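Here the structure is laid out as C-alpha cells; the discussion comes afterwards.
The values are calculated or read from the model by the stated rules, or taken from the named source; none is laboratory data. In this text the structure is predicted, and so the values were computed from the model without any measurement. FYI the Cβ positions are ideal-geometry reconstructions off the backbone, even for glycines, and counts take in every protein chain you see.
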Amino acid sequence: MLRLVDNKPYIRVSPPGPEAIKVLKKDARYISPSYTRAYPLVAQRGEGMMIEDPDGNRYLDLNAGVAVCTTGHCHPDIVRAIEEQSKTLIHMIGTDFYYRWQADAAQVLTEITPGKFAKKVFLANTGAEAVESGIKLARYAQRRPRMIAYIGCFHGRTMGALSLTASKAVQRRHFSPLLADVTHIPYPYCYRCIFNLSYPKCNFACLSYLEDVIFTKVAPPEDVSAIIVEPIQGEGGYIVPPDGYFQALKKITDKYGILLIVDEIQSGMGRTGKMFAIEYWKIEPDIICLGKGAASGMPFSAMVARAGLHKWPAGAHANTFGGNPVCCAAALKTIELLQESLVENARVCGNYLLKCLKNLQNKYDFIGDVRGKGLMVGVEIVKNRKTKTKDPERRNSIVQNAFKKGLLILGCGENTIRFCPPLIITKDDIDITMEIFGKVLRAR
Ligand code: PLP
C-alpha cells in the first residue's frame, strides 16, 4: 500500500478522476442534496496531513475535515486507542448505565475548560446536540424564555440550534417557526463595523446597542436566560473580536444574571494555540460547548457547565450514543496529545501561517484582511482594499483551483478563505501550502 508520508500533494489525474466519478454518481443517486459539497473531493484514505482519493491523487489537507481531525488523519495513537477500546466495550448506553470511560472523559473536560469552579458535563455526539443541551440547561436553570445570539453565528442545524444560527439564509429558509424569542445582535466584526465606527474609539457601541436598545425595547434582560457566542466566529468568516470585548460582555451578563454560553465547537480543542479560544480574553463562561476536534474525528461533543446549573432531574435530558466508550477513548487520547505538544504547535505554526499569509496580503490588493489565532486563520477576499467590496466569485475560484492543485482549503462567510489544518502541521507543510496558494493567487 502506498504510504502518504511525503507531504507533497500529487495530482495524477485531474480530479475528479474515473474512480472518484463512480462515487459521485452513486452519491448523487442516493445521498440527500442538502449537503454543502465545496468541490468533488472523494476521500479514500488519510494519513497525517494527507488525503488520498481513489484515483491516487494526494492532497495536502488544510481543512482537517473542517476543524475536526486535530491530530491529523488516522494518528497511530488514536487508531490504537479506538482498536483497544472496541475490543473491550463498544456500547452500553451511558444514559442508563455506567462505565468508567464516560466519567473519565467528563473529569478531564472539567479540568481543561476555563473556570476554577465545580462543573458537570453532558456528553453528546455532534456540535448541534451540545448546543441543544446548552439551550435546554439554560432555560431549565434560569426559567427565562429568551436568548441572545449573534448575526453571522453558526451553532448547528437542529431546530433549537438553528434558531440561534444566523449564518446563511439557506440554512433557515422554509424552516420557520423556529424557537421564539431569540434576538440576534451584531458580532464585533471590526473590519466591517455595522455602526461604521473603528476600534477602540467605538467604545464598544455594539455592546451599548445591546444594553440601550435591545434590552430596553426588544428583550428585557430579566427574560434572557443566556447569551451564546463563538469566541471566534467560524462559519461566519473567521472573525476575531477585539481585545476587551468579551470582558465587557461578561460584565453585562453578570450585571443582569444572564448566563454566558461560549460555543467552542470550532475554535476549541487547541486549535487557536490555547485549549479554548476564550482563554485569550481570560473569561470564565458559565457553559462551554465543544465538539468537532475533541476526539480526532470520532463523534463526540460535550456541554460543560457550572455544577450548580445542573438542577435538572433524571430524565430531563439524555441520549443513546453520547459518551460512547470508543469515542471517549479517542477523546481522552486526543486531549493527551493536545496537552503533550499539539496546542503549542498550533500556537507556533499558527503564528508562522499568519505571517506568511500577511506577506501575501502585501502583494495582492484583493486580500482585504488576514486574521486569526493559532491554526484558525481567515483570508478575506475583496475587489480591492480601498472599497472592501466582497468578492465571493474570486474566493470560490481560488478554493476550486487550489483543490485542482492538490491543496484542500475551504471558504467561510461570504468571501473568506479559512485555514484550519490538523494541529500536527509543520512549518514545511506551511511552506508547501504557501507555494501552491501563491501559485493559485498569481494565476488569477
Ligand atoms: N457550533 C459551531 C461554532 C460550529 O462551527 C458548528 C459546525 O460547524 C456547530 C456548532 C455544529 O456542529 P455539528 O455540525 O457537529 O452539529
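Based on what the data block shows, is ALA118 of a type outside the set (Asp, Glu) and out of contact with any Asp or Glu (no Cβ under 9 Å at 6 or more places or on another chain)?
Against the criterion (of a type outside the set (Asp, Glu) and out of contact with any Asp or Glu (no Cβ under 9 Å at 6 or more places or on another chain)), ALA118 qualifies.
Would you confirm, using the coordinates I've provided, whether ALA318 is of a type in the set (A, V, I, L, M, F, W, C), in the same structural domain as LYS292 (by TED's automatic domain parsing) and not in a helix (DSSP H, G or I)? If you could, list the steps in order and put the result at the bottom.
Working: of a type in the set (A, V, I, L, M, F, W, C): yes; in the same structural domain as LYS292 (by TED's automatic domain parsing): yes; not in a helix (DSSP H, G or I): yes.
Answer is yes for this residue.
When you go through PRO40, PRO54, PRO33 one by one, which is the residue that is surrounded by fewer than 15 Cβ atoms within 10 Å (Cβ to Cβ) and either assigned to a helix (DSSP H, G or I) or away from the ligand (no atom under 16 Å from the Cβ) (or both)?
On the way: PRO40 fails: surrounded by fewer than 15 Cβ atoms within 10 Å (Cβ to Cβ); PRO54 fails: surrounded by fewer than 15 Cβ atoms within 10 Å (Cβ to Cβ).
The conditions single out PRO33.
Within the range 148-172, how many residues are part of a loop (DSSP other than H, G, I, E, B), under 18 Å from LEU260 (Cα atoms), of a type in the set (Val, Ile, Thr) and touching a residue at least 24 places away in the same chain (Cβ under 8 Å)?
Here the count works out to 1.
Go through the range 110-129 and count every residue that is over 18 Å from ALA277 (Cβ atoms) and within 16 Å of the ligand (Cβ to nearest atom).
Qualifying residue count for the region: 7.
Does GLY65 meet the test of being more than 25 Å from the chain's Cα centre (by Cα) and either buried (at least 19 other Cβ atoms within 10 Å of the Cβ) or over 30 Å from ALA316 (Cβ atoms) (or both)? Please lay out each step first, then the result.
Values: more than 25 Å from the chain's Cα centre (by Cα): no; either buried (at least 19 other Cβ atoms within 10 Å of the Cβ) or over 30 Å from ALA316 (Cβ atoms) (or both): yes.
Against the criterion (more than 25 Å from the chain's Cα centre (by Cα) and either buried (at least 19 other Cβ atoms within 10 Å of the Cβ) or over 30 Å from ALA316 (Cβ atoms) (or both)), GLY65 does not qualify.
Looking at the range 32-42, can you tell me whether even one residue there is at pLDDT 95 or above and at positive phi?
The answer is no; no qualifying residue exists.
Evaluate the range 262-276: report whether one residue or more is away from the ligand (no atom under 12 Å from the Cβ), within 17 Å of TYR187 (Cα to Cα) and in contact with an Asp or Glu (Cβ under 6 Å, 6 or more places away or on another chain).
The answer is no; no qualifying residue exists.
What residue, among those in the range 92-123 that are touching a helix residue (DSSP H, G or I) at 6+ places or on another chain (Cβ under 7 Å) and farther than 17 Å from ILE335 by Cβ, is surrounded by the most Cβ atoms within 10 Å (Cβ to Cβ)?
Filtering the range 92-123 for residues touching a helix residue (DSSP H, G or I) at 6+ places or on another chain (Cβ under 7 Å) gives 94, 99, 101-102, 104-105, 108, 112, 114, 118-123.
With farther than 17 Å from ILE335 by Cβ added as a condition, the list becomes 94, 99, 118, 120, 122.
Working: GLY94: 23, TYR99: 17, ALA118: 10, LYS120: 16, PHE122: 26.
Taking the candidates together, the pick is PHE122.
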